[in-house]
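The values are calculated or read from the model by the stated rules, or taken from the named source; none is laboratory data. All of these numbers come straight from a predicted model, not from anything done at the bench. Backbone-built Cβ (ideal geometry, glycine too); neighbour counts: all protein chains shown. Accessible surface areas use protein heavy atoms only, side chains included; no ligands, DNA or RNA. Shrake-Rupley method; radii C 1.70, N 1.55, O 1.52, S 1.80 Å.
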Amino acid sequence: MSFAAWLNEHYDEKGPAKWLAFFLEAVSSLVLFTLMALTCVDVVGRYLFNSPLHGGTELTEIGLAVMVFAAMPVITWRGGHIVVDLLDRFLGPKVVKALSLFAALVMSTSLYFLALRIFELGERSIRRGVVTEFLAMPTGYIVQYIAIMSWATAAGMITYGVYRILFQSKD
């Protein structure tokens, strides 16, 4: 099976959204694998050689941020978040669709303004030269990455997420 056939089989998105979803999931899975290897090296170093990996905690924290925020746009536009639909069977499909659109608007708006504030905090960290404790890595760039991925999530939700709500059935 060719890569293009595999991609078409496993990704429902169309056009550039398919490639973006694949790229973001690849980044997230690569970081997850790296975190697993990092943890193995840290544990082996700690228990066999009595020398843990210096800065392992910092690398794990940064890796978790990269992994979670790389996956967040894809999960959001696919509607993969936990949803409690207790009233859906009592409400009509038009009301449920309207509530879904309202939720998408609230999520997008909230993420936009949250990302704006996070980006400002990242800029402030860069200006002040804030670095991690052991590895002296600048933290502002990771904070700005979080803001950028939050903006990507908001944009994905308001565009492709709304498209899915309006034009694709949940059959």
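Annotations for the structure displayed:
- Count of residues meeting criterion [modelled with pLDDT under 95 and open to solvent by less than 40 Å² (accessible area, probe 1.4 Å)] in region 112-138: 1
- Filtering region 36-51 to residues that are touching a residue at least 12 places away in the same chain (Cβ under 8 Å) and either open to solvent by less than 80 Å² (accessible area, probe 1.4 Å) or closer than 23 Å to Thr153 by Cα (or both) leaves Leu38, Thr39, Asp42.
- Taken over region 114-163, the residue count meeting the criterion of being in contact with an Asp or Glu (Cβ under 6 Å, 6 or more places away or on another chain) and in a helix (DSSP H, G or I) is 0.
- Residues being open to solvent by less than 100 Å² (accessible area, probe 1.4 Å), among the aliphatic types (A, V, I, L, M), over 24 Å from Val162 (Cβ atoms) and at pLDDT 90 or above - total across region 1-35: 5
- Considering residues of region 139-169 that are in contact with a Ser or Thr (Cβ under 8 Å, 6 or more places away or on another chain) and open to solvent by less than 30 Å² (accessible area, probe 1.4 Å) only, the residue farthest from Leu111 (Cα to Cα): Gly140
- Among the residues here, Leu35 qualifies as closer than 25 Å to Gln144 by Cα and in contact with a Gly (Cβ under 8 Å, 6 or more places away or on another chain).
- Test for Ile75: is it in contact with a strand residue (DSSP E or B) (Cβ under 7 Å, 6 or more places away or on another chain), open to solvent by less than 90 Å² (accessible area, probe 1.4 Å) and either at pLDDT 90 or above or part of a helix (DSSP H, G or I) (or both): no
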